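One structure below.
The values are calculated or read from the model by the stated rules, or taken from the named source; none is laboratory data. Small disclaimer: the values here were computed from a predicted structure and weren't measured. Backbone-built Cβ (ideal geometry, glycine too); neighbour counts: all protein chains shown.
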Amino acid sequence: MTRYRYYTATSLDGFLATESDSLEWLFRQDIDEQGPGNPEEFIAEVGAQVMGATTYLWVQEHEPDWLPQMPTFVFTHRELQPANEHVSFVAGSPTVYRTTFEQAADGKDVWVMGGGDLAAEFATAGMLDEILVSIASVTLGSGRPLLAGAFDLALQDCARNRDFVMARYDLVGPMEDA
């Protein structure tokens with residue numbers, strides 16, 4: 001069964017990026033790429049990915065060779081150019097595209113790549129099963145939040161990878177009293 005998994009990194013104070021959408025803080029952290037939470041093992045389980053336009057544009061500008069060669073759906077209302085033949089642009093609620101995402105994933109998982117607003121939309125729609133977050137040894141003070149909204153989570157696993165705490169949570173659901 002296809003799982004929807006939010007795999008990301010955050011500062012200790014809960015920000016994915018700075019106010020100016022920079023991820024430079026992330027690349028200054030020490031990590032063992034083959035250690036706990038390594039991206040290669042995660043990506044092997046993924047058949048499609050979804051992301052917001054800000055994430056897509058940042059990857060295009062700063063890490064253009066990084067975009068995995070798999071079906072990629074970018075939520076946007078902007079007119080953007082696809083980086084390759086795998087990129088499609090969508091708009092609206094994630095629920096409208098659920099069948100499309102799952103067919104594209106072909107029995108594997110869907111990676112909800114970010115940002116935090118998009119991940120919250122998936123969570124609110126009941127389309128987020130797991131959050132895998134690398135928590136860095138840095139605070140940013142402000143920026144783009146890890147997850148916009150109030151949700152109950154259940155910690156399933158955690159490990160240390162040099163400057164990061166790697167945590168895996170199941171999403172229980174929206175907080176009832178938030």
message = Of everything in segment 122-153, what is more than 14 Å from L16 (Cα to Cα) and either more than 18 Å from the chain's Cα centre (by Cα) or acidic (D, E) (or both)? Give them in sequence order.
response = D129, E130, D152
task = Go through segment 33-90 and tell me which strands (runs of 3 or more DSSP E), entirely inside it, have 1 or more residues that are without any contact (Cβ under 8 Å) to a residue 40 or more places away in the chain.
result = 72-75, 87-90
ask   = For segment 19-28, which residues satisfy the criterion of being more than 16 Å from the chain's Cα centre (by Cα), under 20 Å from V165 (Cα atoms) and part of a loop (DSSP other than H, G, I, E, B)?
value = R28
task = Kindly indicate the residue of segment 49-70 that is touching a strand residue (DSSP E or B) at 6+ places or on another chain (Cβ under 9 Å) and not hydrophobic (A, V, I, L, M, F, W, C) and also modelled with the lowest pLDDT among those meeting that condition.
result = P68
task = From the list V138, V96, pick out the single residue that is modelled with pLDDT of 95 or more, surrounded by fewer than 19 Cβ atoms within 10 Å (Cβ to Cβ), of a type outside the set (K, R) and more than 23 Å from W58 (Cβ to Cβ).
result = V96
ask   = If you scan segment 156-176, which residues turn out to be of a type in the set (K, R) and either part of a strand (DSSP E or B) or under 17 Å from the mean Cα position of the chain (by Cα) (or both)?
value = R160, R168
ask   = Of the numbered conditions (1) within 17 Å of L132 (Cβ to Cβ); (2) within 12 Å of the chain's Cα centre (by Cα); (3) among the hydroxyl-bearing types (S, T, Y), Y56 satisfies every one except a single condition; which is it?
value = (1)
